[in-house]
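The values are calculated or read from the model by the stated rules, or taken from the named source; none is laboratory data. In this text, all values refer to a predicted model and were calculated from it rather than measured experimentally. A quick note on method: Cβ atoms are made from the backbone with ideal geometry, for glycine too, and the neighbour counts reach across all protein chains shown. Accessible surface is based on the protein model in full, side chains and every heavy atom, while ligands, DNA and RNA are left aside. Shrake-Rupley method; radii C 1.70, N 1.55, O 1.52, S 1.80 Å.
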Amino acid sequence: MVIRPDFSTIQKQLPEHLPPGYNLEATARTLGAFTRARGVKDVQTLFQLAMAYGGCGMSLRETCAWAAAAGIAEITDPSLIDRLCNAAPWLGDIMAAVIARQAGLPAKRWSGYRLRALDATTICEPGADRTTWRLHVGYDLAGGQVDHVELTDVHGGENLQRLKYQPGDIVLGDRIYARAHKLQRVKQDAADFIVRTGWNSMRLQHKDGRQFDLFAMLRDLTECEGEVKVQVDGSPGTKPLELRLIIWRKTPEQAEEEQKRLLQNGKKHGRTVDPRSLEAAKYVMLVTSLPAHIFSTSDILAIYRFRWQIELAFKRMKSLAGLDELAAKKPELAKAWIYARLIAFLIAEQNAGQVPESSPSGPGKARAERQSKAESIALAPHKNGSGLRSGIHSRAAAMEGHPQRSRENPAVYSRGAAQAKKTVGSAQTMLILAPMRDAPTVETGVACRKSRHTAQFWSSAMDILMTMIGGKPANEKQPGHTSKLTGLGQDVTTVPRRRPRSNSCPSM
């Protein structure tokens, strides 16, 4: 790792991603992240150490050695841990400020509505066999950016009230968000929703209060898709919530795949699968509050497919940004690591520009025709640079076998039919984007190209990040997994964290 003793760039780069008037030093002192200058001389140095540890994937020992070689700080591992633990709330505030800067830009609309997706992903500490942290993420589908992040422990449940809504918002959610009283609160905020539901998620009723027989309706369904008006009881003392129940019949192959998954999961946990679950696995069921005279059944099904973009965002967080490589068990230190990594990810996403808004799978011929006709958008220029670490998702590995993009001719990517037409009436055409399924795959050409472009984005953003902290990640490591740091005219080799076991004695 080549250390560049130019620390002034942090003051030039970071404010571009923060709201105007945001004061790093004032917030650091207010939140208790920086109370004294012993070992760490100022707030900028503390931020550099945090980003080196969390954002760039250095270990605690590597971070201390890097700081000493660069002349940034003389600090030991225990002192660095204390500093980072105290800085966790401050780093969380910086992350929220980066999101607020993006959210402060004019919101893009889709036929007068703002499409948002809400979901959560899990993060596990080293050696854990279950969820340690849960990251709740809101995603602006029109802008292609994260607009809300909330980190909770395993007890933090998933519900629609994680987001704040405005009139004209349409939130898309998976089955876990199908809770009647939570849906009612969304409507109280003058927003709408499209949420997937299961056969036992809510007690559906007819408009006259009679119990709704879902399976009788499924048996009578003769078309591929159907719709019926239902209502559910919300909070006590409130009027029942009127909904539209949208049904889409899966193909036999998709239904068989989902039933097989349910049976395997039941066998794994020693449970007998309910026959009603196997029957419901043949369908996709959605509930929505959108009016039928504006949004047809096909429109609702087409719009819901865009929810898959948040799953791709999670994939970029973990596969490219390394969010699943949590290196700390201590709760406050883990928060500092996660927040630092998210700051780096959000900067990468904002520098990456727009990504396709269509679903990742679909008929190849139709997809090719859409790409040839759709509007193209310029992506971030390619930069030669390394990724987070040499052994994890390096840019060279991600781009191996693919043509090089030049600075003068940035990569272009199709927006898809929805962005090209930009009208609700095009939803009927969008039905060919992907077959509706419970677990869409991303092994298609569109998703692969998108992942490669995202790898480029992450590499370019990491170059900026390393410039901010005054260094550049190495592409190779020394034997024995040591990290060699070069700076200020000297070489520093850190002690490897783990030594390989060997039964033979070392040669003298």
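Once the Cβ-Cβ distance of T222 and S59 is raised to the sixth power relative to R0 = 45 Å, the FRET efficiency obtained is 0.15.
Backbone N atoms of region 259-282 closer than 18 Å to the 7 Å Cα→Cβ label point of F215 belong to residues 259-260, 262-263, 272-282.
Accessible surface of region 206-329, 1.4 Å probe: 50 percent of it comes from carbon and sulfur atoms. Would region 79-185 count as rounded, prolate or oblate if I go by the C-alpha gyration tensor, calling it rounded below 1.5 in a/c and otherwise prolate when a/b exceeds b/c, oblate otherwise? Oblate, because a/c is 1.5 or more while a/b does not exceed b/c. Charging the Cβ of each Asp and Glu at -1 and of each Lys and Arg at +1, and nothing else, the dipole of region 258-328 about its Cα centre rounds to 280 debye.
Cross-linked pairs K182/K268; K229/K250; K268/K315; K41/K164; K187/K229; K164/K268: Cα-Cα separations exceed 27 Å for K182/K268; K41/K164; K164/K268. Note on N23 and K260: their simple-model spin labels are 6.2 nm apart, each label 7 Å out from Cα toward Cβ. The mean accessible area for residues of region 125-275, using a 1.4 Å probe and ignoring ligands and nucleic acids, is 54 Å² per residue. From most to least packed by mean Cβ count within 10 Å, the peptides 62-70, 273-281, 141-149 give 62-70, 141-149, 273-281. Placing +1 on each Lys and Arg Cβ and -1 on each Asp and Glu Cβ, with no other charges, gives region 223-294 a dipole about its Cα centre of roughly 320 debye. Across the accessible surface of region 17-102, with the other protein chains kept in place and a 1.4 Å probe, carbon and sulfur atoms take up 51 percent. Using the Cα gyration tensor of region 168-207, with a ≥ b ≥ c the square roots of its eigenvalues, what is the shape: rounded (a/c below 1.5), prolate (a/b larger than b/c) or oblate (neither)? Oblate, since a/c reaches 1.5 and b/c is not below a/b.
Scalar couplings 3J(HN,Hα) for region 165-171, obtained by applying the Karplus form with A = 6.51, B = -1.76, C = 1.60 to θ = phi - 60°, are 10, 10, x, x, 7, 10, 9 Hz; x denotes Gly and Pro.
Here the gap between D153 and S111, fully extended at 0.36 nm per residue and compared with their Cα-Cα distance, gives a gain of 11.4 nm. Within region 78-236, DSSP assigns beta bridges of which about 70% are antiparallel (rounded to the nearest 5). Over region 37-81, accessible surface divided per residue gives 30 Å², non-protein components excluded, 1.4 Å probe. For a test of the definition: using alpha carbon positions, the gyration tensor, and the 1.5 limit on a/c, classify region 24-128 as rounded, prolate or oblate. In terms of gyration-tensor shape, prolate. For F193, the residues whose amide H sits under 5 Å from its own are V171, S289, L290, ignoring neighbours fewer than 5 places away on the same chain, with H placed 1.01 Å from N.
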